[in-house]
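Worksheet: the structure to be examined is printed underneath.
The values are calculated or read from the model by the stated rules, or taken from the named source; none is laboratory data. Since the model is a prediction, treat every value here as computed from it, not as a measurement. Glycine gets a Cβ as well: all are built from the backbone with ideal geometry, and neighbour counts include every protein chain shown. When the accessible area is computed, the model is the full protein with side chains, heavy atoms only, and any ligands, DNA or RNA have been set aside. Shrake-Rupley method; radii C 1.70, N 1.55, O 1.52, S 1.80 Å.
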Amino acid sequence: MSAATSTRPADATVGAVDTHCPYCALQCGMTLSRAGRASVRVRPRDPSAGGLCQKGWAAAALLGSPARLTTPLVRDGGALRPASWDEAAGLVARRIKEITADRGPDAVAVFGGGGLTNEKAYLLGKFARVALGTSQVDYNGRFCMSSAAAAAHRAFGLDRGLPFPLTDLEGADAVLLAGANPAETMPPFLSHLRRAMDAGGLIVVDPRRTPTAERAALHLAPVPGTDLALALGIFHAAVADGRLDHGFVGDRTTGFDEAWRVAAAWWPERVERVTGVAAADQRRAAAILAEAASAYVLTARGTEQHSTGVDTVGAWINLALALGLPGRRGSGWGCLTGQGNGQGGREHGQKADQLPGYRRIDDPAARAHVAGVWGVEPSALPGPGRSAFELLDALGTPDGPSALLVFASNPVVSAPHSARVAERLAALDLLVVADIVLSETARAADVVLPITQWAEEDGTLTNLEGRVLLRRRALAPPPGVRTDLEVLHDLAVRLGQPPERFPADPETVFTELRAASEGGPADYSGVTWDRLRAGERLHWPVPAGPEFRRPGHQGTPRLFLDRFAHPDGRARFAAVDHKGPAEPPDEEFPLYAITGRVLQHYQSGAQTRRVEELRAAVPEAYVEVHPDTAQRAGLRDGAAAAVVGRRGRVLATVRCVPSMRPDVVFLPFHFPGAQRANLVTNPALDPVSRMPEFKVCAVRLSPAGEREAQ
Ligand code: SF4
């Protein structure tokens, strides 16, 4: 594969720079260097770790893209026009002051993203709580990992995606992947599963026969929305077949009896009737995991993005606990975090219910600690706000915010029930979007602020194994753009904050973040940029104590080896039961629609759709469907189809795939306009995590030209 290049000059002072990919949470290492006079070349830093996927190889292309925004834009007479930074930022600050004076601080909301660096996520949360005084702040990570995070907190007392180093997976004989398709979403990850694949120990749970499922020894394809029942069935099989780890359950857990009382009613034959997964395959899955010397259960979005997502992940954790996997070297449960800084982004305060260090905003001690670092009274900090979809849904309503500031997110494409979200954005008095390109959300804004890209700024991210990484600036930003930190600094000062309270230098912000996180669950106080520059591999928590400061000390690569994080040191089984999807198919909408990602695109596609190599490979939305289902709808391969649901219709080209279940259609969610998969997705929320049910809703299929009664 050829390395993609940018056409913009690199920093005169910079040669080759070791950094990390801008996309997913695997955060593959890459070296950026000049190739010839005026371009940036990407190459993998550690080919033995799987190299880079196509997105990573092409990452530099966007650095010199003509689609790049390089001047602020303000809406004038209905259209966006170029403006100076002074005009744009002045307008934003003035309107915020007017709206706040009129309707109070909660009338202004902030929406962040899981791609923001730790420093940006931290300063954004502080900006919301201190400069704006609003409780209305949340971020798109609520859509991604929040169910796994809540389930991990409930089970273990702490959430870190993988509570062990990624490389531990290389020793695994068996791995169960529930709702994960890394062969497309993060291909280099598969290099860590080679042993399990060679040993016939890879089990994949997915309604589709994905490229990952193709590599599995056992592919379990449940009816969409029945993952929880399947997990109960495998748990049941493990216990009934005498595979329960009595010693581990007795010594290190509580709640088994209550969980078993529910699971006892889910024997594999009953589960087969609900999920379609053969009872024998459930028993085989239990046997593969139990008989392996080293085994892991890993969950991802496919099993998490449900209105019962927390309980579904809880059911997979129950299985892992029953087999004695968590808290032991060489085995465990983990969540495959998706977004680039999905882990760090949920730790440092841009979430509606959190303060930095993974502290709860309703905890008086946490409020006092963070308020002390910020130099404000604890009583001045607002309480918890609305979760992401609830916040978007409330915009422009009588009780909801009338202004919104968006950083690193494109909710017009990525939020569920996206037509409703676009309608709410249009009802705002002020929409401000900071982005690198004119995304679909930026197009709807009153003010657009052009910002720097990953390779043009320094910052830290925390990858899927809880390891803090330094992403390095490799080239100068184009004239006219600012970093998010500079934007927040400028706005805070215009809103009357002392300049030193909102530093724009990322290392200074990180130093403050360390203090704010000290003593919290995600303690970064012992991490310094100097240690990261020196190449130290630090997994949080890294307290500031002397034992953690020894050179070469790795922080806490493996959590829970001695005890879990609950006060009694024990993990909790969860008594969870199967409920099914919030919107099951019926006569009018007889098919399940499921959504997901493709190899070439990332999230809303705002970046990857603008990279020619990636766009050319997958230029538009498609719908995967079984040939018989297509035929019944009057469609053939390559035809234009409408996927119609209760909230809208999606236009997509038919791809007939014989391995698809006849009752399921699959839509990738990277495309805009009438091709948005989220026009049909269901915003039904998990009651605990408030994560929407992206992964299953009811639809019907018809030729695109046919008039649909809605
Ligand atoms: S797997 Fe993820 S981090 Fe690695 S190159 Fe691909 S998108 Fe980038």
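Key figures
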quantity	calculated
Cα-based shape type of the stretch 239-291, given that a ≥ b ≥ c are square roots of the gyration tensor eigenvalues and the cut on a/c is 1.5	oblate
Rounded Å value of the spacing that divides the Cα centres of the stretch 414-460 and the stretch 55-131	7
Per residue value of the accessible surface for the stretch 591-703 (all protein chains in place, 1.4 Å probe), Å²	32
Cα pair distances of the stretch 523-564 binned at 5 Å [whole percent]	6, 25, 34, 21, 8, 4, 1
Euclidean distance between Cα centres, the stretch 262-324 to the stretch 634-710, Å	27
Rounded if a/c under 1.5, otherwise prolate or oblate - the stretch 152-335, Cα gyration tensor axes	rounded
Accessible surface of the chain [probe 1.4 Å, protein heavy atoms]: carbon and sulfur percent	50
Mean Cβ count within 10 Å, highest first, over the residues of peptides 693-700, 612-619, 97-104	693-700, 612-619, 97-104
Cβ crowding within 10 Å averaged over residues, with 170-176, 331-337, 362-368 ranked highest first	331-337, 170-176, 362-368
The chain shape via C-alpha gyration tensor axes, a/c threshold 1.5	rounded
Estimated [θ] at 222 nm from DSSP helical runs (n ≥ 4, -39500 (n - 2.57)) normalised by residues in the chain, nearest 500	-8000 deg cm²/dmol
Table column - 3J(HN,Hα) (Hz), the stretch 572-583, Karplus curve with 6.51, -1.76, 1.60, x for Gly and Pro	10, 5, 10, 7, 10, 10, 6, 10, x, x, 5, 10
Residues with amide H under 5 Å from that of T31, placed H, sequence gap 5 or more	T19, R43, R45
Relative contact order (%) - criterion: Cα under 8 Å, at least six apart; region: the stretch 591-703	37
Sorted peptide list for 125-133, 629-637, 196-204, criterion being average Cβ within 10 angstrom, highest first	125-133, 196-204, 629-637
Amide H contacts under 5 Å for V696, placed H, 5+ residues apart	N682
Span from the the stretch 327-405 Cα centroid across to the the stretch 512-537 one, whole angstrom	19
Cα-Cα over 31 Å, subset of K55/K97; K55/K579; K120/K579; K97/K120; K126/K695; K126/K579	K55/K97; K55/K579; K120/K579; K126/K695; K126/K579
